[in-house]
Amino acid sequence: MIEQIKKKFTSLYGQPPLITRSPGRINLIGEHTDYNGGFVLPAAIDKAIYFAVAPRVDREIHLYAIDLDEHYEGNIDSLTPSEKQWPDFILGSLQQLQLAGYPVHGFNGVIGGNVPLGAGLSSSAAVECAALYAFAEIFKIDIDKLELVRLAQKAENVFVGVQCGIMDQFASVFGKKEHAIKLDCRSLEYEYVPLKLGAVDILLFDSNVKHSLALSSYNKRREECEQGVALIQKKHPSVKSLRDATPAMVDEIVKDKDEIIYRRCSFIVREIQRVLDACIDLKEGNLQALGKKMFETHEGLSKDYEVSCEELDFLVYYVKTKTGVIGARMMGGGFGGCSINLVQSREREKLTNDVALAYKKEYGLDLKVYNVKIEN
């Protein structure tokens with residue numbers, strides 16, 4: 001992949017590039033808790049975005065996406081969202097450097113990688129982080145890892161328009177081989193938790209669907225959580241986010257006022273606790289307990305938070321009774337993308353074949369399967 005990108009860059013621009021790498025991520029448990037000030041348990045994976053870049057002497061931007069075979073041209077003095085969307089993660093990252101007062105110039109770039117697009121592995125965050133790291137290098141900007149993460153998140157919030165939390169970018173930059181990251185999304189304090197899988201594989205089953213609800217519903221869920229916090233604050237002013245709320249508060253204050261808001265808040269408050277409990281499971285090497293919590297998370301995401309879809313539900317419920325499956329749930333923002341599965345290695349091949357056949361029969365869709373490892 002790196003050689004292919006380097007070769008393409010040289011043929012397009014006639015100069016040698018700097019190449020940066022930023023990995024995708026999985027999240028073991030803790031979905032939609034990040035923008036609620038809670039905890040998450042992500043890890044960087046062995047699939048990454050690569051960004052080849054070199055400075056220009058003018059103010060122009062020349063980009064090429066090798067996976068899509070598409071070009072983009074613009075100017076750093078008039079950064080606006082493109083019609084193609086993929087350049088926006090790079091342009092938004094550049095804009096954040098400008099707004100922070102850093103000096104930037106025109107550049108040539110080629111982007112590519114093996115993080116599947118739209119699968120919920122945070123290819124967008126990987127693009128942002130790879131771009132920011134590259135810009136810091138070619139424009140001689142002194143920027144630490146945490147500031148890079150914050151700028152990448154802002155690029156997605158402000159320029160792309162997705163009100164994501166900080167988890168994806170943080171996992172891409174701070175990931176550690178054979179460890180998950182217990183991340184406090186409010187304070188950004190973090191702890192590496194050993195992920196000793198032994199003869200267990202992490203399999204991602206890609207539903208191959210992405211429903212159009214994804215973006216609008218993601219932002220809507222955030223609003224619903226904020227509405228729940230506003231209700232609780234009337235009696236408990238110290239509650240600033242659902243991180244501060246307890247199940248008892250949600251039951252007492254929200255339940256009788258708005259059933260939908262209640263279900264959203266109830267899921268989040270319990271999910272935050274599940275992350276903390278899952279970290280104990282990992283430290284004790286109890287993958288069975290973690291797996292049980294993953295199934296519980298999916299049930300909540302599907303029924304209470306309502307961000308799953310028929311295809312994801314099928315993938316999770318189908319494997320629930322299969323031999324060798326320790327845990328499974330949908331992963332990511334929802335309405336498509338992947339399910340994440342902890343599977344005993346000896347059962348991997350049989351399970352993969354069974355699920356692929358059943359999924360094809362049910363929906364007429366091919367199932368993509370990714371066996372991922374935890375990486376730096």
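Among the residues of region 202-210, none qualifies, meaning not one is open to solvent by 30 Å² or more (accessible area, probe 1.4 Å), in a helix (DSSP H, G or I) and not small (Gly, Ala, Ser). Screening region 295-323 for residues that are open to solvent by 10 Å² or more (accessible area, probe 1.4 Å) and assigned to a loop (DSSP other than H, G, I, E, B) and picking the one that is farthest from Val250 (Cα to Cα) gives Thr323. Just checking, does region 34-42 include any residue being more than 20 Å from Phe174 (Cβ to Cβ) and buried (at least 24 other Cβ atoms within 10 Å of the Cβ)? For region 34-42, residues more than 20 Å from Phe174 (Cβ to Cβ) and buried (at least 24 other Cβ atoms within 10 Å of the Cβ): present.
Just one of the listed residues (Leu68, Leu117, Leu121) is in a loop (DSSP other than H, G, I, E, B), open to solvent by 60 Å² or more (accessible area, probe 1.4 Å), modelled with pLDDT under 95 and closer than 29 Å to Asp201 by Cβ, and it is Leu117.
I'd like the full set of residues that are part of a helix (DSSP H, G or I), open to solvent by 30 Å² or more (accessible area, probe 1.4 Å) and either closer than 24 Å to Arg263 by Cα or among the polar types (S, T, N, Q) (or both), limited to region 281-294. Matches in region 281-294: Gln288, Lys292, Lys293. Filtering region 255-268 to residues that are surrounded by 23 or more Cβ atoms within 10 Å (Cβ to Cβ) and of a type in the set (A, V, I, L, M, F, W, C) leaves Cys265, Phe267, Ile268. Annotation: Ala152 fulfils all but one of (1) assigned to a helix (DSSP H, G or I); (2) in contact with a Gly (Cβ under 8 Å, 6 or more places away or on another chain); the unmet one is (2). Taken together, the criteria exclude Gly327 from residues that are within 17 Å of the chain's Cα centre (by Cα) and small (Gly, Ala, Ser). Filtered by the rule that a residue be open to solvent by 20 Å² or more (accessible area, probe 1.4 Å), under 30 Å from Cys338 (Cα atoms) and of a type in the set (Gly, Ala, Ser), region 211-240 gives Ser212, Ala214, Ser216.
The values are calculated or read from the model by the stated rules, or taken from the named source; none is laboratory data. The shown structure was predicted, so the numbers you read here are calculated from the model rather than taken from an experiment. All Cβ positions, glycine included, derive from the backbone under ideal geometry; neighbour counts span all protein chains shown. Ligands, DNA and RNA are excluded from the accessible area calculation, which covers all protein heavy atoms including side chains. Shrake-Rupley method; radii C 1.70, N 1.55, O 1.52, S 1.80 Å.
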